[in-house]
Structure formats: C-alpha cells, structure tokens
Amino acid sequence: MVDKRVTLGDLKGVLTYALQQVFGAGTAVRIRPSFFPFTEPSAEVDIGCFNCGGRDRACRICKGSGWLEILGAGMIDPNVFRAVGYDPEEVSGFAFGMGIERIAMLKYRIDDIRLFFANDVRFLRQF
C-alpha cells in the first residue's frame, strides 16, 4: 500500500483485519521487530496458536510458545521509493509477504505441504 501519510498503524490494522478474517475474529496478532532489506522498520507478524493457545509444550504447531510466525512486513524504505521515481517526502507505504501454502495448511489443518503439489484429485476436491 502506497499513499500519502501511510503509517505503521495502518500496516498493523490491515494485517490484523486480514488475519482475523482468515483465522477467526478472536485471533491474537503480535508484531515483533525484525529485518528485511527493503523495509524499515521491518517486522515479523505472529498469530496466537489456535490449537493449544500456548498451553501444550508438545503442540506441533507452536511448540508451546502460544505463537506462530505467519508473515513478514514493514514500511517501505525511502530508497525503494527513490529507485522507482517516487518522492519519499510525499508518499509512504508498507509491504508484506506470506507463503500462501502455509496459510492454507494452517487454516485447513493440512499436515504435509507436498499434498498441494501431488495433483491428487481426492485432496483437491476437499476445497
């Protein structure tokens, strides 16, 4: 998203809304500082574990932490704007990325990513 006066608060709001639409309205969202080369500040975004809520140290999803890293995000670095001819004094924006297979695996509780690429019609018909 690029526009005038886009803030980190906008990024948090968009991601929280989107993740709660996918995983449910009560899904907890956490943003942690990180590093990605084209955003500053950068963040990793986690969702609360929908399997155990952090109460099960043996949980195969969160391993007892209560959180699951879901995507990377950040505010677009001013140098990126300059490289494409935008004035970073006039515009700001954010970017995020996620593995769509990972989202589907979590949402539909699929335990093996290879199922997406096996072209087995029995698997695909579930959706």
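Only the coordinates and a few stated rules stand behind these numbers; no lab work does. Note that the structure is a prediction, hence the values are computed from the model and not measured. Cβ sites come from the backbone with ideal geometry, for glycine too, and all protein chains shown count toward neighbours.
For the chain, the average shadow cast by the Cα convex hull is 9.7 nm², which is a quarter of the hull's surface. Dimensions of the stretch 49-93 along the principal axes, based on C-alpha atoms and rounded to the nearest Å, stand at 50, 14, 11, largest first. Amide H contacts of LEU71: VAL45, each under 5 Å away and 5 or more positions distant or on a separate chain (H built 1.01 Å from N in the peptide plane; Pro and chain starts excluded).
Among the trypsin sites (Lys or Arg not before Pro) within the stretch 58-102, those in coil by DSSP and having at most 14 neighbouring Cβ atoms inside 10 Å are ARG60. What's the angle, to the nearest 10 degrees (0 to 90), between helix 8-23's Cα axis and the longest principal axis of the chain? Rounded to the nearest ten degrees, it is 20. Reachable lysines from LYS107, Cα under 29 Å, same-chain residues fewer than 8 places away excluded? Candidates past the 8-residue exclusion: LYS12, LYS63. Quarter the surface of the alpha carbon convex hull of the stretch 81-127 and you get the mean projected area, 5.5 square nanometres.
Each peptide in 9-17, 30-38, 68-76 receives the mean, over its residues, of other Cβ atoms within 10 Å, and ordering these scores from highest gives 68-76, 9-17, 30-38.
Taking each DSSP H run with n ≥ 4 as -39500 (n - 2.57) and averaging over every residue of the chain yields -7500 deg cm²/dmol at 222 nm. The Cα atoms of the stretch 5-45 define a convex hull whose projected area, averaged across directions, is 3.2 nm².
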